[in-house]
1. Mind listing whichever residues of the range B:164-178 are in a loop (DSSP other than H, G, I, E, B), within 12 Å of another protein chain (Cβ to nearest Cβ) and either more than 19 Å from A:D120 (Cα to Cα) or touching a strand residue (DSSP E or B) at 6+ places or on another chain (Cβ under 7 Å) (or both)?
2. Any idea which of A:E118, A:E170 is within 14 Å of chain B (Cβ to nearest Cβ) and either touching a Gly at 6+ places or on another chain (Cβ under 9 Å) or closer than 20 Å to A:S63 by Cα (or both)?
3. For the range B:398-421, give me the residue count where each residue is of a type outside the set (G, A, S) and at pLDDT 80 or above.
4. Among the candidates B:G237, B:G215, which residue alone is buried (at least 20 other Cβ atoms within 10 Å of the Cβ) and modelled with pLDDT of 80 or more?
5. As an exercise: evaluate B:P229 against (1) within 14 Å of chain A (Cβ to nearest Cβ); (2) under 24 Å from B:R83 (Cβ atoms); (3) surrounded by fewer than 20 Cβ atoms within 10 Å (Cβ to Cβ) and give the number of the one condition it does not meet.
6. Which condition does B:Q507 not pass, out of (1) at pLDDT 85 or above; (2) exposed (fewer than 15 other Cβ atoms within 10 Å of the Cβ); (3) polar (S, T, N, Q), if it passes all the others?
7. If you take the residues in the range A:196-207 that are surrounded by 14 or more Cβ atoms within 10 Å (Cβ to Cβ) and more than 19 Å from A:V128 (Cα to Cα), which one is nearest to the other protein chains (Cβ to nearest Cβ)?
8. Determine whether A:G139 is on the phi > 0 side of the Ramachandran plot and within 14 Å of another protein chain (Cβ to nearest Cβ).
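The values are calculated or read from the model by the stated rules, or taken from the named source; none is laboratory data. Keep in mind it's a predicted model, so treat the numbers as computed, not measured. Here the Cβ positions follow ideal geometry from the backbone for every residue, glycine too, while neighbour counts run over all protein chains shown.
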Amino acid sequence: MDRVTVSSFRCFFRLDLTLVALLVYCSSAVTFAAEPTAQEPIPDGQEWEDWSRIQQARKAWSSDFEQSRYTKLRKVPTRQSGRMMHSPEFGLWVEYPSLDRALLISSNEVRYLKEGQEQDVDDTGLSVVLEAINHVLSGELSPLGGSFDIDLDGDPAANWTLRLDPVTEEIEARSILIEGKAEMPEEIEVDFGHGKELVFELRNQRSIDPPTRKEWEEITGLRKSP
Amino acid sequence: MGRNHRTQEIPVKPLPRASLLLLATLVAVTVIFSTRLTDRISTDVTDLVSGANQDFSIKILSKFRQEGSRILLIRIDGETGQRKAAARELESRLKELVEFRAVGMGLSPSSPGKIEEILIEERFTLLLPDFLADSVPDGDSPEQVANRAVSDLEEFLSSPESLTFEEMLPRDPLLLVPNALLKLKGPASQSEAELVWAEFSESVFDHDFRGAALGEVDSIIAAIGERYPDVEFTVSGSALFSEANVASSRAEVLRINLIVLAGVIVLAWISLPHPSAIVHLLVLVALAFLGGTAAVAALFQHPHVLTFVIGSALTGVCVDYGLHLLIHNSQSNDPTFLETLRKIRGPLLGGGISTITGSLLLCFSEVSLLREIGVFVGVGLASALAVCWLYFPLFRPPSNKRTPLILRIPRFLVVYSSAFSLIALTALTALSLYGLFHLRWHDDVRQLAKPQPSLEKGDDYAREALGVNKGDFFYLIYGEDINEVARQRSRILERVENRSSEIAFSQQFFLPDSESLLLAKNFVESNGAKFSESFRMALDQNSFEVTTFDPFFEEWSAMTETLDFSDRDVAQATQRIDQVVDGPLAAGFHQGSSYAWSPLRTSAPVQTEPGDKIVTADQDESINQILALYRKAFLSFAVPALIIITILLGIIFRKTGLVSAIISFASVILSLGLVQVFYGGVNLFGVVGAFIGFCLALDYTLFSRLTPEPGKRLPSSVTVSAITSVLSFSILCTSDIVAVGFLGLSATGSILFSTLFLVSSNRKHLNIS
């Protein structure tokens, strides 16, 4: 990036003013385009600020959920209930007690657990979707800027709907829809296309004290190696 | 002293063309062969015991290690986001290199899709038998099996991981492949690290290739490390060990040869009447080395680097012939070397051929390293003898001579040498007897490699990211084909599971045993159609779209008519998978043309029973057992050989021959006592050193007793020869490679004991006055 800027300035002395103006513009464009925390796709505005502020003010929460899995293999959705817990610091913990399975989604990885044992699942394409949900629940939209078009409808202080549309084909979903009421999410819906859809309806949402790392590891059963 | 002497190496007559031509041809041939060797030198310890008579289990182990040696592991530690990004970047950068044919992360193969594809195609052969073995032995009817399969499918659809498998479910509603794939990788490592693996496209024992590949990896890691400064990379793999071993072994060869050469130069300086002799000796040593190297290059595909380390002792032995010739020439004042050669032809050829024969006898050993050493030393010595006849006659002996420094030794040293020798002999014998009293065998393959603690630590650390603990026990279950492996496996696992102390960590999920195959065959033949019907009905009753599963029903129907669940079907199917699996998973099983294996990892040692085809994949333990076997085999060969030599000497030289053999034999036994004292045990290499020592000790004893020199306890040539041999073998004791030390000490000890005995006892020829 620096090289681009430097070479632009070298040209400054050789070309006429029009070209100089053009080069300076290009140089700045290159500079900004390469910023890793690009904010471009996220619209500015009071409602975004409000939404982010409200979401980030809420620390940790837990809820029960009803999962509906739609697939072309079945005429009716496959339902499953479970528990969810979210901590902006540690991520989203999704637990299916009757299946003895769980899912831990943090900002940059997804871990699958079966009967307390972590499974090595090849989830390329899916993990981005799940990580995006965790970012939204943490009120952080900036990491999603390059991968999704983001749209917010409704009143951030009352009922709102946030829609993420992937901009790259590598992401294994057509859209992600998250509905909420003020600081609490109420429904998460992922449309994978071809009749494949995953819906979480959240119930009994409640704020909880932010867990410490030790508490989080005890809850999730994941002890980190020393 | 030597100021007025000038080298006069002018040929006395036109060079003997035949000699010159022959010498030039020999040199050219040896140089050509030697230069072709550099890329083929092995550093793998299993190569030490490889060969035609190799144990089947070692062949398997060797092949297993050969596959493993191609893998380079790179563990990446650091903050989650950074290390993941660094790992992804490293993976993509390594994929661009031609030095690697496959690159992947964690346990995943480079093309998981290919395995999935083959597993889908072969799922009925490989996976259905175990699926049915879990269901039918309970007495379940086809309807019950079908209902449970639908219930499992419904539950699976609720699970988070099912999202990644949905596309294959229309063909595989029995979940044969998803379950196999999830189990195939095993539980994910709890390690907070990423692992990138890369498979070399060529052998890591190719020095140039390996150097270039590791250089590329280093520069890529350095570049990524600059962008992610908090991320740490730990690189491990056989290539690194190989690189370090070759470097250290080359340094050893150079160090040993330089020290021995320096010793020889000093010895030549003080014992020969003209300094120009040093040049002749250097030529002789160089050509002998070249000859040995060329022979090893021509006869062995992958000679081991230790051959050249141990073979460095050749310098001290082959220089004997040159010294012998030069000393006799100066003593007899012969005008040409050829004339001297005529005079000493008998003892020179006799000593040379007996040592060459002794060395070549090593070629009968089952240990390839010993065969290589035998050829190296034997051909090296033969080259040295050839040089005596082809090279020396090209020059005229120097006319200006000085009094050798060795003759100026203080008189009291000569007078009291017997007493000094007796004291030294007594002390060494006492020490040796103590060792012999505590003698024990200690076969440890780790003594064959220079310890590389930092690399070993890095290796353990990198493998930990694969979920492998240092305390786990690794085995290879082997057989002629994968079906035999499966039978062995189920037999061994059954025993392992019955013992609470042994936990089998690794399972093999697509190796149906013969019982499962028979059960599947019977079930499909008698209930195949009924199951299909029941399954269709159960799907419908549970609100599944039955038509979406048409691909499954079509394939099931075809399978019931064609598949007979034979061993051959299984072998062919596993071979297909074996061909596409790469990376760490490739070690998961092997189905070759004549043998197969499957690994097993347990928490405690597996108690084996007769008939078990299992070998510990821990190379050290298994090779130790083999080395112990080879040591016993070598002893059973060497002891009768020595007895035969003793009898022959008794017949030819009568009492003198017998006494010489007994002295040499006693020296060898005492040298093993010294090895016990200094190394805490005796092994194959100590025994080999003793055998070489016997040959040399016998030479010296026989020569001293048959051709005594008045006024001297030992003939000059024997004295000088013994000094050079002791020098070259004792230098081996300073090697960081302990096995080299074993060999060096036992050979040195044998020579020392025999010469000390000769000096302290041979009084009757002494004429001090």
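1. B:L169, B:P170, B:R171, B:D172, B:P173
2. Residue meeting the stated conditions: A:E170.
3. Number satisfying all stated conditions: 1.
4. Working: B:G215 fails: buried (at least 20 other Cβ atoms within 10 Å of the Cβ).
It is B:G237.
5. (1)
6. Tallying (1) at pLDDT 85 or above; (2) exposed (fewer than 15 other Cβ atoms within 10 Å of the Cβ); (3) polar (S, T, N, Q), B:Q507 fails exactly one: (1).
7. The selected residue is A:E201.
8. In short, no.
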